Amino acid sequence: MSFSKKTEASSVTYNRCSIDLETGLIEFKELPCRNLEEVVGGFGRSFQLLGERDIKEAYSSDNPLVLNTGLLTGTGIMTGLRTYFSAYSPLKHSNKGLPAAMWSAASGKFGSKLKWTGIDEVVFENRSSTQVYVVLSEGENGPCAELKPAGHLSGLTTHQKIMALQKEYPDAHFAAIGPAGENYQSVHMGAVALSTENQLKSGEDKCRFAGRGGMGSIMGYKNLLAIVAQSKDAVKPITSEVRNVNRVIMKGGGSTKYQPVKQGGGGGTWANYEVLQAFYAVPENNFRPKGNRDLEALFPENVAKVMDIRSEACFRCGIRCHNNLHRKMQDGAKGGFVAKFDYEPLDLFGANLGILDGEKVASLVKLCDNLGMDAISLPTTISYILDYNERHSDNPMLNGAKFGEYEKIKELVIKTGLGQLKEVGQGVKRLSRNFNETAYANHVKGLELPGYLPETNPGYAWSIAGGHMSMGTALSFAKDGNTNLDYWVKAITDSGVLQVGYDMIGLCKFIGLLMNHEMFPRAIKAATGLEVSSIDLETAIRRAYFRGLALERKQGYEAEEYTLPSQVFDNPNPNVKLPHFITRDFFTKLEQKVWEVFDPHVNELLDEILGEDEA
Amino acid sequence: MEVNVKLFASFAVGRLKNEIKVYPCQTTVAEVVESIGIDKRELGIILVNDKHASLDYVLENGDTLSLLPLVGGG
């Protein structure tokens, strides 16, 4: 296949390190890319490897964990920091009980350090019989990898593991799991924490997280507690064209909304709170907004009365999107760091659990982060529990926690993270089925929903990984208010799909531009010399997305699983000031039209995948 | 005519939050946006009387115009 006169996929190679954790065998191979998806990288490459495996159980030694980066990770292109973890998920599963292929992504500096060792991808095969960590480093004659005993790291929090390793490895960054991942049997939503410059310099627990899908639990199953990427910083000199591309990223309009308000920006994702509240569309009390102003206690100006809020950015990034909360001392000075407020953790540990005290919300986020769990799946599962207990006061589950009961909620978080509450750790799909009350279990296809009401986003049904990160329709209804069927078919099948391109190329979604923007081929050319047209890039992104759907089919997903929680259809919330348009009739017509567009591509790829299996 | 103008999130910083303002008849949303000093490229959501509207919408006496910035996921 040729995607330009100058660059063919097979002329591009990537360096794979395969590590057999059972035998200790380590191999390095330089492999040619088979197609443009492999060139661009991330899940575009890892899902092709996963498609070659026949996996019935996530916790099985033949389920590989793929760690990789994107084409622009570690380059001078702003936000080129992303690292990806892919495997068959212990959390997301079909009704047939088969694990879904999943990926999750994170920033920090780990990905760049990995790329600078000369390694593009690591495949962890099998599992170690003892707890280990892996050191990936640049050697005189190429990259090196080494397995080391990790007993001294066992039981430590994500942050503690990273800080312990930092003492031993200069010029390095780290990926680590917490106690939750180590207790993988009970916790299927373990996250992987990646270190940041801010963290290593300050000593504060400012990690970034690859949270979705339980990739940290897969690491725990493999007895792989941490990964070290050690290399000298190797950003190439910034050329004028790289500078021009970065100018587009900073000034092109897409990232403005994430900049601090003082800088003329929108204030980061925290601003979603106030905007969605205008419609009473902020999830509250298990995704059932109350239609009042209670949650405004968590608006930035109100939290700022009791906490110190600082805007910070990732390494070499000009988008200062982090809203970092510190305690406020009596004299007004900045105290200890508590947590970073992104929209999801803020809402899902806050109003969605009935907690409206900023400091308490931040404390729950901090616990979740340090124990090493996904800050979407955990609170969304807990919100189901609280809802159940409100409905069954006479016979509640677990500790009987209800909305707003901070101490009981905190107990659920801690015990889950320590592996003591399998009911929570296995996620809301399994939990709700055990209790035979699924209407208000907020998941789609077994993965818990992020902080956008399902009644505002029919696109969730076709997300192939994190609900709002793998289908770009989460805020469409708030923005456009359009209830037209053809609008939604287009939103899902046309622009929505392109969201996943960010999880191939190594850039952060906070660039805020659609992946068919002319900036991306310019960025690829400026950073790597490769010439890729917008059309070819878009085609590759779509093909990677369709491969994700094909893998879902392979793992037994059937048509009726592409849906929303049934209370969306059967019990619409009258408090939401947006039209209730997702009726069963609407959704039936929508899925018919969406599958008309998707099926030919998905079936073609499924035949390819199954054909390879038979071979 | 009188229009109740409401600004949300970053739009309200250094500007009005919720104010009744007087405009000539036939004033459009675009003209109000310009008069307040908001960059149209930053406009995310326009609501008139709680319903989505566009920049060329012609306002009427007593309307409530809500202007919200672009937001993004994360």
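Just to be sure before I move on: is residue A:15 more than 23 Å from the chain's Cα centre (by Cα), in contact (Cβ under 8 Å) with a residue 40 or more places away in the chain and within 18 Å of residue A:118 (Cβ to Cβ) in the structure I sent? When the stated conditions are applied, residue A:15 passes them.
Of all residues in segment A:437-455, those satisfying the criterion of being away from chain B (no Cβ under 14 Å), farther than 19 Å from residue A:574 by Cα, in contact with a strand residue (DSSP E or B) (Cβ under 7 Å, 6 or more places away or on another chain) and not charged (D, E, K, R) are A:446, A:447.
For segment B:1-29, enumerate the residues that are more than 13 Å from chain A (Cβ to nearest Cβ) and part of a strand (DSSP E or B). Write out each step before concluding.
Start the filter on segment B:1-29 by keeping residues that are more than 13 Å from chain A (Cβ to nearest Cβ), which leaves B:1-5, B:16, B:19-29.
Residues satisfying the conditions are B:2, B:3, B:4, B:5, B:19, B:20, B:21, B:22, B:28.
Selection of first residues in segment A:478-492 that are within 14 Å of chain B (Cβ to nearest Cβ) and of second residues that are open to solvent by less than 20 Å² (accessible area, probe 1.4 Å) and not hydrophobic (A, V, I, L, M, F, W, C), restricted to Cβ pairs under 7 Å at least 6 apart or on distinct chains, gives the following pairs, ordered by first then second residue: A:478/A:456; A:479/B:44. When B:47, B:55 are checked against the criterion of being in a loop (DSSP other than H, G, I, E, B) and over 17 Å from residue A:265 (Cβ atoms), B:55 stands alone in meeting it.
Mind checking which residues of segment B:30-57 are under 19 Å from residue A:251 (Cα atoms), touching a residue at least 24 places away in the same chain (Cβ under 8 Å) and either more than 10 Å from chain A (Cβ to nearest Cβ) or of a type outside the set (D, E, K, R) (or both)? Listed by number, the residues that qualify are B:38, B:43, B:44.
Just one of B:17, B:51, B:40 is among the basic types (Lys, Arg), touching a Lys or Arg at 6+ places or on another chain (Cβ under 8 Å) and open to solvent by 30 Å² or more (accessible area, probe 1.4 Å); which is it? Even if it seems obvious, please write down each step before you answer.
Details: B:51 fails: touching a Lys or Arg at 6+ places or on another chain (Cβ under 8 Å); B:40 fails: touching a Lys or Arg at 6+ places or on another chain (Cβ under 8 Å).
Being among the basic types (Lys, Arg), touching a Lys or Arg at 6+ places or on another chain (Cβ under 8 Å) and open to solvent by 30 Å² or more (accessible area, probe 1.4 Å) holds for just one of B:17, B:51, B:40, which is B:17.
A count restricted to segment A:470-492 and to residues that are open to solvent by 20 Å² or more (accessible area, probe 1.4 Å) and under 21 Å from residue A:534 (Cα atoms) stands at 2.
The set of residues from segment A:495-516 being aliphatic (A, V, I, L, M) and assigned to a helix (DSSP H, G or I) comprises A:497, A:498, A:500, A:504, A:505, A:511. Candidates in segment A:517-538 are the residues that are part of a helix (DSSP H, G or I), open to solvent by 10 Å² or more (accessible area, probe 1.4 Å) and touching a Phe, Trp or Tyr at 6+ places or on another chain (Cβ under 8 Å); of these, the one that is farthest from the other protein chains (Cβ to nearest Cβ) is A:536.
In the set (1) part of a helix (DSSP H, G or I); (2) in contact (Cβ under 8 Å) with a residue 12 or more places away in the chain; (3) within 26 Å of residue A:568 (Cα to Cα), residue A:433 fails one condition alone, (2). Hey, any hits in segment A:575-596 for a residue that's more than 21 Å from residue A:445 (Cα to Cα), open to solvent by 30 Å² or more (accessible area, probe 1.4 Å) and without any contact (Cβ under 8 Å) to a residue 60 or more places away in the chain? Within segment A:575-596 (the criterion being more than 21 Å from residue A:445 (Cα to Cα), open to solvent by 30 Å² or more (accessible area, probe 1.4 Å) and without any contact (Cβ under 8 Å) to a residue 60 or more places away in the chain), the answer is no, since none of the residues qualifies.
Within segment A:218-226, does at least one residue satisfy the condition of being touching a strand residue (DSSP E or B) at 6+ places or on another chain (Cβ under 7 Å) and aromatic (Phe, Trp, Tyr)? No. Here segment A:288-307 is the region considered, the condition is being assigned to a helix (DSSP H, G or I) and away from chain B (no Cβ under 11 Å), and the residue that is most open to solvent (accessible area, probe 1.4 Å) is A:294. Selection of segment B:58-73 for residues being in contact with a Phe, Trp or Tyr (Cβ under 6 Å, 6 or more places away or on another chain) and either modelled with pLDDT under 95 or within 7 Å of chain A (Cβ to nearest Cβ) (or both) yields B:68, B:69. Residue-level check: of (1) assigned to a helix (DSSP H, G or I); (2) more than 14 Å from every other protein chain (Cβ to nearest Cβ), residue A:229 misses just (1). A single member of A:611, A:548 is open to solvent by less than 40 Å² (accessible area, probe 1.4 Å) and out of contact with any helix residue (DSSP H, G or I) (no Cβ under 9 Å at 6 or more places or on another chain), and it is A:611.
Working carefully through the options A:398, A:353, A:386, find the one that is open to solvent by 30 Å² or more (accessible area, probe 1.4 Å), touching a Leu at 6+ places or on another chain (Cβ under 7 Å) and more than 14 Å from every other protein chain (Cβ to nearest Cβ).
Numbers: A:353 fails: open to solvent by 30 Å² or more (accessible area, probe 1.4 Å); A:386 fails: open to solvent by 30 Å² or more (accessible area, probe 1.4 Å).
Only one candidate qualifies: A:398.
Which residues, counting only those in segment A:241-287, are within 30 Å of residue A:572 (Cα to Cα), open to solvent by 10 Å² or more (accessible area, probe 1.4 Å), not aromatic (Phe, Trp, Tyr) and not in a helix (DSSP H, G or I)? Listed by number, the residues that qualify are A:278, A:285.
For segment A:315-344, a residue qualifies if it is within 29 Å of residue A:383 (Cβ to Cβ), within 14 Å of chain B (Cβ to nearest Cβ) and open to solvent by 20 Å² or more (accessible area, probe 1.4 Å), and the qualifying residues are A:340, A:342.
The values are calculated or read from the model by the stated rules, or taken from the named source; none is laboratory data. Just so we're clear, the structure is a prediction, and the values are computed from it rather than from any experiment. Glycine also receives a Cβ, built like all others from the backbone with ideal geometry; neighbour counts cover every protein chain displayed. All accessible areas refer to the heavy atoms of the entire protein, side chains included, with ligands and DNA or RNA removed. Shrake-Rupley method; radii C 1.70, N 1.55, O 1.52, S 1.80 Å.
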